[in-house]
Each structure stands twice: as structure tokens, then as C-alpha cells.
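Participant: Got a structure for you, written out below as C-alpha cells; questions coming shortly.
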Amino acid sequence: MSFSWSAKDHKSYTNPPSNPTQGLKRPRNDTGNKVTVVLGAQWGDEGKGKVVDLLATESDLVCRCQGGNNAGHTVVVEGKEYDFHLLPSGIINPKSICVIGNGVVIHLPGLFGEAENNEKKGLKGWEKRLIVSDRAHLVFDFHQVVDGIQETQRQATEGKIIGTTKKGIGPTYASRASRIGLRVCDLLGDFKEFSTKFKNLVEQYQSMYSSLTVDTESQLKKLKEYGERLQPMNEELL
């Protein structure tokens, strides 16, 4: 989905409706900060990215609360196209701080790859304006492999598939729900302990999917490097 806008487009947006509780005896605080929430009512392709992008021109914080990099959108600003999957689209606004919240599942190679691709298109200073929650769960490469294996199994047993993007989002949320998943805080903590947990998690998945092979040491080496890059984006929360 692609949208275009310029800064003047934001002027067409009006303020939210007046407080529905107006007239009640409960005291109002008109000096507080305003929070705007953008929610989708369907599976996607609704234009949420454009709305967030427009609102971000006058927002100090732009926060993403859930999802992963299995979908995305394109935003065109002043003739330049930016593709977003994990980064909040407000990252284009140099005056906004963007937050990836604890409900998001993060594939670190995807996150940094996305940022670098947009950097080549003109995105500037993103690493200084991005904050990543240490409670967000991590999507590992083997989660993506498992996503594909599960689709193959569905086709064999049920004759149909869900049609996932095979980005590992479902398996990661399943790990989260089962309380066996690993989070950003695990990666940024004691790496030796993280390595042990990672190996245990891999073994659990290999016990369920015999065809799954993982180069554990190679993965850990890359994850350590990603963790070092991620550290400054988490310190802002402390």
C-alpha cells in the first residue's frame, strides 16, 4: 500500500471531538498531554500508516504496540519512498521519538536491514530517535523456518494452508504465550545466560520438528552483534 503526502496535508485534519464527558461534575484537566490512538478494524490495507505519518508531524512520541514485520506499507514524502515493516512510520519526522513497544515481536536482521534500506533513501538520525522496549520478544531465524514447516504440514494433512508470510510471527507469539520465548532484555543481559536459553529453545523446537536444523553458534555470534547495536536504543528507557 502506497500513500503520498506533504506537510500541508496535515492541516486538513481537525481536532478530535470534544470530550464526551463535558458537562459532568468531574473536573477536567485541559493542560495535560493528548494521546491519539490509531486502531485498525480489519486485516490491513486501511491506510493506518498514512494516518500515523500525518499525525506524527505534530507528535512528540510515536509508539507501536504490537505486530511484526510480516506486513508493512510505503509512505511517499516529498517524492521519496520509504518502506516500513517494523519501524513506526513516524520515524520520518525528525522531531518525533519512536517507540517499539513490548507487544511487538522483533526480527533484528529485519529491523536493521529495513532501517539501512530507508537510510539509503534519505532517512536520517533514526538510530537516535528509536527506543526499543526490553520486554519485546525476539523473532529468530528458526522461527521463520518453523513457520514454513507448519504451512507444509497443513498442506499435507488438511489440503490447505493459512497463507502466512513465513516471517515467523505466529511461532514467536506461540513461544511468548508458552513462556518459553526470549526477549530483548535477555539478549541485552548476561550473554552467557542468553546463549544457554537460546540453545534450550532451539532444542525444544527441534524435538517438535525433526527436519529443523540450526547453526547455533553462528546465530549466537550474529545475535551478539545485533545486541550491541540495540543497546543504545534501550538505554533511553532507563
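The values are calculated or read from the model by the stated rules, or taken from the named source; none is laboratory data. Given the structure is predicted, the values throughout are model-derived calculations rather than measurements. Glycine also receives a Cβ, built like all others from the backbone with ideal geometry; neighbour counts cover every protein chain displayed.
Participant: Condition test on I161, is it under 30 Å from L61 (Cα atoms) and among the β-branched types (V, I, T)?
Facilitator: Values: under 30 Å from L61 (Cα atoms): no; among the β-branched types (V, I, T): yes.
So I161 fails the test.
Participant: Only one of G79, G113, G125 is more than 22 Å from K48 (Cα to Cα) and either in the same structural domain as Q219 (by TED's automatic domain parsing) or surrounded by fewer than 14 Cβ atoms within 10 Å (Cβ to Cβ) (or both). Can you tell me which?
Facilitator: None of the other options fit; the residue is G125.
Participant: Limited to segment 82-105, what total is found for residues that are more than 20 Å from G125 (Cβ to Cβ) and surrounded by fewer than 22 Cβ atoms within 10 Å (Cβ to Cβ)?
Facilitator: 3
Participant: Which of the helices (runs of 4 or more DSSP H) contained wholly in segment 164-238 include at least 2 residues that are without any contact (Cβ under 8 Å) to a residue 24 or more places away in the chain, polar (S, T, N, Q) and surrounded by 16 or more Cβ atoms within 10 Å (Cβ to Cβ)? Explain how you work it out, then say what you get.
Facilitator: Numbers: elements: 169-177, 184-188, 191-208, 216-235.
Filter on segment 164-238 gives an empty set.
Participant: Shifting gears a bit: Check V75, V105 and return the single one that is over 15 Å from the mean Cα position of the chain (by Cα) and either modelled with pLDDT of 95 or more or under 26 Å from Q42 (Cβ atoms) (or both).
Facilitator: V75
Participant: Looking at this structure, is K120 of a type in the set (K, R) and in contact with a helix residue (DSSP H, G or I) (Cβ under 8 Å, 6 or more places away or on another chain)?
Facilitator: No.
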